[in-house]
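Chemist: Input: one structure, supplied below.
Derivation of every value follows stated rules applied to the coordinates shown; laboratory data play no part. Computed from a predicted structure; not experimentally measured. FYI the Cβ positions are ideal-geometry reconstructions off the backbone, even for glycines, and counts take in every protein chain you see.
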Amino acid sequence: MTIAQHLAVLDDEPDITQLLAGYLQAQGFRVTELHNGAALMALMRQDPPALVLLDLGLPGEDGFSIARQLREHWHCGLVIVTGRGDAIDKVVGLEVGADDYVTKPFDLRELLARIKAVLRRLAPASEGAAAPAAAPGAPAASAPAGPRGSLHFEGWTLDTAARRLLSPAGQDVALTSGEFDLLVAFAHHPGRVLSRDFLLEQTRGREAGPFDRTIDVQVGRLRRKLEDDADHPQIIKSVRGAGYLFVPPVTAG
């Protein structure tokens, strides 16, 4: 028997939560409707969902603060669904750890595709799964999906099966699903200049329709977690007009 994945929808407008809950339940999900941050935090402690759909425009509450709390204390998917379509809000949403950002009004089928894409990235890929097709202009000598198992660079360990990153000191380093997938893409192509388009294809897929600066923001977050000095990176370097270069050699095993 398949257990329905649990989603939480947080919006102060009941019409929106009812619409989303009805549609997503029809697609096989279990959905909890919420209308304030306190209710979400209570749910996270009692029955944590696999993914949260979060509106930023909650009266008297800071949606970005709620997103930060989720990222600090729980490992779940986070899709911001909001009427705030300003580019700055989108960048801040990524900075606080959102896996995707959808502006209202939205197409329900597109939102469903984005939800499924995030859930796929959160779940470890099955052994022997087929590799996705390479993006146009991708490095010719490498396949997008690298070997399963552990990848090692500069003392760091990237466990692709368990989706964990361990520091040289052996400590777990928290990554969003997007950050993890981006680091895996880099580790599978060390020593090569990778374009933003290629990295977007590897990490988000054609369904996601990502917006500008996604890769730049996630690279910045990765640098703050990996580099001794994020302002002078030695692991992920920028190549003007071309993309990014993952510098250290990578070993598997």
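Chemist: Once label points are set 7 Å from the Cα along Cα→Cβ at both residue 157 and residue 103, what is their separation, rounded to one decimal in nm?
Modeler: 4.4
Chemist: Compute the length gained on full extension between residue 95 and residue 112: take 0.36 nm times their separation in residues and subtract their Cα-Cα distance, giving the result in nm to one decimal. Please report the intermediate quantities before stating the final value.
Modeler: Details: separation 17, 0.36 × 17 = 6.12 nm, distance 2.29 nm.
In short, 3.8 nm is gained.
Chemist: Okay, moving on. So what's the net charge close to residue 224: Lys and Arg +1, Asp and Glu -1, counting the other residues with Cβ under 14 Å from its Cβ? Let's see the in-between values first.
Modeler: Working: positive: 71, 221, 223, 225; negative: 95, 179, 216, 227, 228, 229, 231.
Taking every Cβ under 14 Å from that of residue 224, the sum is -3.
Chemist: For residue 237, go through the aspartates and glutamates and keep the ones whose alpha-carbon is under 13 Å away, minus same-chain ones fewer than eight residues off.
Modeler: Straight-line reach from residue 237, under 13 Å: 216, 227, 229.
Chemist: Continuing with the same structure: Report, ordered by chain and residue number, the lysines lying within cross-link reach of residue 90, taken as a straight Cα distance under 17 Å and ignoring same-chain residues fewer than 8 apart.
Modeler: Counting by Cα, and skipping residues close in sequence, residue 90 has these lysines nearby: 104.
Chemist: Let me ask something additional. Could you calculate the FRET efficiency of residue 193 with residue 213 from 1/(1 + (r/R0)^6), where r is the beta carbon distance between them and R0 is 25 Å, rounded to 0.05? It would help to have the intermediate numbers written out before the result.
Modeler: Details: r = 19 Å, r/R0 = 0.75.
The computed FRET efficiency comes out at 0.85.
Chemist: Considering the zone a paramagnetic label at residue 41 would reach in this model (a point 7 Å from Cα along the Cα-to-Cβ line), which residues of segment 74-95 have amide N under 16 Å from it?
Modeler: Those under the cut-off are 74.
Chemist: Now for a separate question. Between residue 23 and residue 71, how high is the FRET efficiency from 1/(1 + (r/R0)^6) when r is the Cβ-Cβ distance and R₀ = 30 Å? Nearest 0.05. Walk me through the numbers on the way to the answer.
Modeler: On the way: r = 26 Å, r/R0 = 0.87.
In this case the efficiency is close to 0.70.
Chemist: Which angle from 0 to 90°, rounded to the nearest 10, does the C-alpha axis of helix 14-26 make with the longest principal axis of the chain?
Modeler: That works out to roughly 60 degrees.
Chemist: By DSSP, what percent of the beta bridges with both residues in the chain are antiparallel, rounded to the nearest 5? Walk me through the intermediate numbers first.
Modeler: Numbers: 16 of 33 bridges.
Expressed as a percentage, antiparallel bridges in the chain total about 50.
Chemist: Determine the sum of side-chain charges near residue 83: Lys and Arg each +1, Asp and Glu each -1, restricted to other residues whose C-beta is under 12 angstrom from that of residue 83. Display every interim value, and only then the final one.
Modeler: Values: positive: 84, 104; negative: 11, 12, 13, 55, 86, 89.
That works out to -4.
Chemist: Moving on. Subtract the Cα-Cα distance of residue 229 and residue 169 from 0.36 nm times their separation in residues, and report this length gain in nm to one decimal. Can you show the working numbers first?
Modeler: Values: separation 60, 0.36 × 60 = 21.60 nm, distance 1.73 nm.
Length gained between residue 229 and residue 169: 19.9 nm.
Chemist: Could you work out the helix-only [θ] at 222 nm for the chain, with each DSSP H run of four or more residues adding -39,500 (n - 2.57) and the total divided by the number of residues, to the nearest 500 deg cm²/dmol? The partial results should precede the final answer.
Modeler: Numbers: 8 runs with 91 residues, N = 253.
Value at 222 nm, helices only, nearest 500: -11000 deg cm²/dmol.
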